[in-house]
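Below is one structure; the comments refer to it alone.
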Amino acid sequence: MATTVADTMVEIIKNAGVQRVYGIPGDSLNGFTDALRRDGSIAWQHVRHEEGAAFAASAEAALTGELAVCAGSCGPGNLHLINGLYDAHRSRVPVLAIAAHIPGGEIGSGYFQETHPEQLFAECSSFCEMVNTPEQMPRLLEIATRTAVETRRVAVLIIPGETFLAKSAGRRSSAPILPISRVTRPTDTELARAAALLNGSEKVTILAGAGVHGAHDELVGLAAALQAPIVHALRGKEFVEYDNPFDVGMTGLLGFSSGYRAIEACDTLLLLGTDFPYQQFYPSKATIIQLDLRGEQIGRRTPVDLGLVGSVADTIPALLPLIDRGRSEKHLSTARSHYATTRERLDDLAVNDRNRTPIHPQYLAKLLSDNASDDAVFIPDVGSPVVWAARYLRMNGSRRLIGSFTHGSMANAVSQGVGAQSAFPGRQVIALAGDGGLAMLLGELITLTQNSLPVKVIVFNNSSLNFVEVEMKAAGFVNYGTDLENPDFAALANAIGIFGRRVEQPDDLAGAVRAVLDHDGPALLDVVTARQELSIPPTVTAAQAKGFTLYALRTVLSGRGDELVDLAETNLFRRLFD
């Protein structure tokens with residue numbers, strides 16, 4: 001029987017299906033961690049930085065769809081959670097954060113380690129409340145847990161350290177807090193309006209995002225009826241591109257030209273479960289229909305002609321019978337042809353170029369895709385690893401691709417790998433780490449060894465904040481402040497008990513990739529990749545072209561013209577875009 005508030009908390013989250021809590025212990029959190037120890041059924045997953053704990057919980061929630069929990073002690077402890085919680089909140093995954101606080105009687109006095117977490121976490125949560133008295137528990141925990149589960153967002157519960165040890169009133173007679181099944185689709189009248197617009201269109205293109213999760217076959221069926229090419233946003237990649245003859249690639253800053261053109265050429269764009277943010281990639285002239293589970297998303301990125309609220313999985317079966325068959329396939333054929341050409345050119349770049357150095361990151365990404373297990377979880381760091389993951393990792397319906405794709409934080413890959421591997425200990429988890437991102441939370445490599453997590457860390461080592469450099473070039477700035485003086489990451493890994501390999505020659509890469517992926521335990525592959533590899537967006541604006549010209553001129557004038565030589569040698573023979 002539960003005797004303290006902390007005991008009751010453990011009982012409630014256990015009944016909600018929680019199997020582990022990520023965090024670092026601290027004095028204000030001792031009552032809670034001791035309750036976990038005494039219960040013994042929920043693992044304490046110790047990390048080296050609380051930001052890593054929140055990222056790990058974010059990854060677990062993203063992969064399982066279930067509640068994940070992280071915890072931090074008072075002041076700096078829980079403050080470190082904030083970046084990972086922003087990621088979870090913006091990625092719409094259910095995470096509960098337990099933020100221990102200073103003694104209740106000292107709040108407001110400027111006490112040691114005092115912060116105001118109820119203010120700090122307000123923007124990155126759907127629920128953020130402080131437990132002022134033991135009598136508020138367990139009800140506030142139940143509300144927090146329900147909010148996280150049903151909104152698929154972050155809930156934060158702030159608890160003074162002494163309250164964990166207070167006598168508990170016990171659990172209320174509530175059912176376990178688990179997601180409640182539902183069916184959500186537009187009304188028949190709204191579906192008829194959508195069908196009328198689609199039936200009156202000659203060239204329909206679908207832009208699909210993460211909201212098509214669980215509706216792959218329905219999506220393909222709708223595309224067949226509409227003879228519509230399907231373009232995917234980054235978060236939709238894992239759910240869209242496999243077993244899909246209508247997929248024509250991705251659009252956006254990380255995409256390529258076939259996806260962009262399929263959207264620009266349509267007369268009706270059907271947005272399915274996507275909050276694709278870049279306004280400049282929407283069509284200049286088209287009817288737009290948007291379907292989203294959250295009505296507040298409708299029209300946020302571009303004006304729409306019809307907004308529909310519902311899940312993709314529930315809506316398409318009701319919409320499909322209303323769609324007229326027999327339309328021309330010309331628009332689809334054109335988009336497919338362009339995609340085939342673009343895909344061929346992309347693949348032509350992902351090769352061992354006669355053992356020329358440095359190694360092209362496309363080649364590394366393709367080798368990872370070819371050699372990874374069929375159910376691998378790929379987690380790229382924000383920056384250039386996301387570019388190569390988006391373009392070269394092949395999805396198959398079992399593989400997963402997660403990352404900080406909305407919040408866009410550096411240093412997510414290894415920490416999210418901790419959460420992914422903890423939740424799925426027998427599954428291959430591959431963190432595609434940038435050298436800058438890896439260094440930012442380097443201590444999380446020790447988390448892998450301490451918790452015996454066999455995450456495979458692949459380092460795209462270009463000695464720079466590479467994507468920042470691309471942004472500078474596009475804006476016309478000379479690169480400044482982006483150099484990274486890196487150690488031998490493989491030697492560092494070996495020093496802390498991780499199997500490490502370093503590769504500088506393309507001929508050595510394929511064997512090293514296989515060795516690292518096959519290793520029984522945590523492993524790190526440090527690959528020296530090309531710094532001057534351009535990741536060009538699918539449409540280059542006049543402003544971007546002007547910016548790049550300015551960059552070239554300023555670089556020469558600043559006495560750094562050798563950068564332009566390297567850039568030309570790396571990219572001149574690579575004609576990717578029409």
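Only one of these is in contact (Cβ under 8 Å) with a residue 24 or more places away in the chain and surrounded by 19 or more Cβ atoms within 10 Å (Cβ to Cβ): 171, 152. Name it.
Every option except 152 fails the conditions.
Give the stretch 94-130 a look and list any residue that's without any contact (Cβ under 8 Å) to a residue 60 or more places away in the chain and of a type in the set (A, V, I, L, M, F, W, C), or say none.
Of everything in the stretch 94-130, those that are without any contact (Cβ under 8 Å) to a residue 60 or more places away in the chain and of a type in the set (A, V, I, L, M, F, W, C) turn out to be 107, 112, 120, 121, 122, 124, 127, 128, 130.
Go over the candidates 289, 298 one by one and state the one that is closer than 13 Å to residue 198 by Cβ and under 26 Å from the mean Cα position of the chain (by Cα).
Going through 289, 298 in turn, just one is closer than 13 Å to residue 198 by Cβ and under 26 Å from the mean Cα position of the chain (by Cα): 289.
Where in the stretch 51-149 are there helices (runs of 4 or more DSSP H), lying wholly inside it, with at least 2 residues that are over 24 Å from residue 36 (Cα atoms)?
Here the list reads 82-91, 117-120.
Checking the condition touching a Gly at 6+ places or on another chain (Cβ under 6 Å) and either assigned by TED's automatic domain parsing to the domain that holds residue 66 or modelled with pLDDT of 95 or more (or both), which residue from 379, 402 passes?
That would be 379, the only listed residue that is touching a Gly at 6+ places or on another chain (Cβ under 6 Å) and either assigned by TED's automatic domain parsing to the domain that holds residue 66 or modelled with pLDDT of 95 or more (or both).
Just checking, how many residues over the stretch 475-508 are in a helix (DSSP H, G or I) and surrounded by 22 or more Cβ atoms within 10 Å (Cβ to Cβ)?
The number of residues fulfilling the criteria is 3.
When residues of the stretch 446-474 are filtered for being out of contact with any Pro (no Cβ under 7 Å at 6 or more places or on another chain), crowded, with 24+ Cβ neighbours inside 10 Å and at pLDDT 80 or above, how many remain?
Summing the residues that are out of contact with any Pro (no Cβ under 7 Å at 6 or more places or on another chain), crowded, with 24+ Cβ neighbours inside 10 Å and at pLDDT 80 or above in the stretch 446-474 gives 7.
Residue by residue through the stretch 174-208, note down the ones that are surrounded by 20 or more Cβ atoms within 10 Å (Cβ to Cβ) and of a type in the set (Gly, Ala, Ser).
194, 201, 208
The values are calculated or read from the model by the stated rules, or taken from the named source; none is laboratory data. Note that the coordinates shown come from a computational prediction; the quantities given were computed from them, not determined experimentally. Please note: Cβ atoms are built from the backbone with ideal geometry, for glycine as well, and neighbour counts cover all protein chains shown.
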